[in-house]
Amino acid sequence: MPQREKLYEGKAKILYSTENPDILLTVYKDDATAFNAQKRGQIPGKGEINCQITAALFEWLASEGIPTHYLDCPQPNQMRVKAVSIVPLEVVVRNIAAGSLCRQTGLPEGKVLSSPLVDYYYKSDELGDPLLTRKRIFLLNIITPDKLEEIESMALKINEKLSYFFTQCDITLVDFKLEFGIDSQQNILLADEISPDTCRLWDNKQTDSTARIMDKDRFRKDLGQVEFAYQQVQQRVLTQLNK
Ligand code: TMP
């Protein structure tokens, strides 16, 4: 058994050290939370599914020129990643109005945005992940303007690539959340995960506005068939990548 120490336990993953200080181990959990953990539950098999979807997408994005922290998966629900310092921002890219954008602006759900919208939230459970402005990001010294530019342009590039990829899977990428890390050479790497927990994904094969939901909104809104929806996403993503 390799030597490991629990460094941090989040809502969906646990982070461990490894014998190599440049490498960390992420264990994906079946636990699901929503609304800043006011709602809690389990989605059987989610840890493995999200780990495998993230691994496949990160590997593919790397081949498309997007640097990520992903290394490999020693077990189906475990991922080895490069150690990075996580930028405390949740970077949300939106193509279609849904969720908090509709609640906060009155835009109707499903309205296609004329261009992708990038929103920044402060990664702070205590504060409830509030929406930030650029000026607040600099006020809090979260990151320099140069690095924020780099993150925004990476997020938009990832959106273009993923939107096209999911279209080929008969899925619409409505919106999604990214996190970035900075390595010891000051490079920005895509980090965390890309999975049905962190994306809104609508099935193009379904016309019904509830039946088409393939992501964590099924858990948030108690729509049922959560595990089945996640399995469908995994199957389509892996098939598209010939895995
Ligand atoms: P929102 O509509 O609630 O702001 O969510 C936008 C996207 O971000 C959606 O795809 C879900 C994802 N998301 C997370 O990954 N983690 C979170 O804590 C929240 C609130 C949203």
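Worth a mention:
- Across region 44-51, computed HN-Hα scalar couplings (Karplus, 6.51 cos²θ - 1.76 cosθ + 1.60, θ = phi - 60°) run x, x, 4, x, 5, 4, 5, 5 Hz from first to last residue, x flagging Gly and Pro.
- Cα gyration tensor shape for region 93-148, rounded if a/c is under 1.5, else prolate or oblate: oblate
- The largest-to-smallest principal axis extents of the Cα set in region 122-211 are 45, 30, 20 Å.
- Along its first, second and third principal axes, ordered by size, region 1-78 spans 36, 32, 20 Å in Cα coordinates.
- Protection proxy ranking, peptides 68-79, 3-14, average beta carbon neighbours within 10 Å, highest first: 68-79, 3-14
- Among the GluC sites (Glu not before Pro) in region 42-106, those located in a DSSP loop and surrounded by at most 16 other Cβ atoms within 10 Å of their own Cβ are Glu64.
- Here region 74-107 and region 130-194 have alpha carbon centers that stand 8 Å from each other.
- Taken about its Cα centre, region 165-213 carries a charge dipole of about 200 debye when Lys and Arg each add +1 at the Cβ and Asp and Glu each add -1 at the Cβ.
- Close amide-amide hydrogen proximity is noted between Asp129 and Ser124, each under 5 Å apart and 5 or more residues distant or on a separate chain (H modeled in the peptide plane; Pro and chain starts excluded).
- Dipole axis of region 113-243 (+1 Lys, Arg; -1 Asp, Glu on Cβ), positive-most option in Gly224, Asn187, Leu139: Gly224
- Binned Cα-Cα distances of the chain, short to long, each 10 Å bin given as a whole percent: 7, 32, 40, 19, 3, 0
- The residue among Cys169, Pro108, Ser124 whose Cα reaches farthest toward the positive pole of the charge dipole of the chain, with charges on the beta-carbon of Lys, Arg, Asp and Glu, is Pro108.
- Vicinal HN-Hα couplings computed from phi for region 54-62 (Karplus, 6.51 cos²θ - 1.76 cosθ + 1.60; Hz; Gly/Pro x): 4, 4, 5, 6, 5, 5, 5, 4, 4
- Relative contact order of the chain, pairs being alpha-carbon contacts under 8 Å that are 6 or more residues apart, as %: 18
- For the cross-link pairs Lys82/Lys157; Lys29/Lys221; Lys135/Lys177; Lys29/Lys123; Lys82/Lys205; Lys11/Lys82, the ones whose C-alpha atoms lie over 27 Å apart are Lys82/Lys205.
- Nearest-20 debye value, the chain charge dipole, Cβ charges on Lys, Arg, Asp, Glu: 500
- Checking every one of the GluC sites (Glu not before Pro) in region 121-196 against DSSP loop status and a limit of 11 other Cβ atoms within 10 Å picks out Glu126.
- Sequentially through region 215-230, phi angles give Karplus couplings (6.51, -1.76, 1.60; θ = phi - 60°) of 9, 5, 4, 5, 6, 4, 9, 6, 8, x, 6, 5, 4, 4, 4, 4 Hz, Gly and Pro residues having no value and appearing as x.
- Size of region 56-168 from its Cα atoms: along the principal axes, largest to smallest, the extents are 44, 38, 28 Å.
FYI, it's all coordinate maths here, none of it is from the lab. All values reported here derive from a predicted model rather than from experimental measurement. Neighbour counts run over all protein chains shown; Cβ positions are idealised from the backbone, glycine included.
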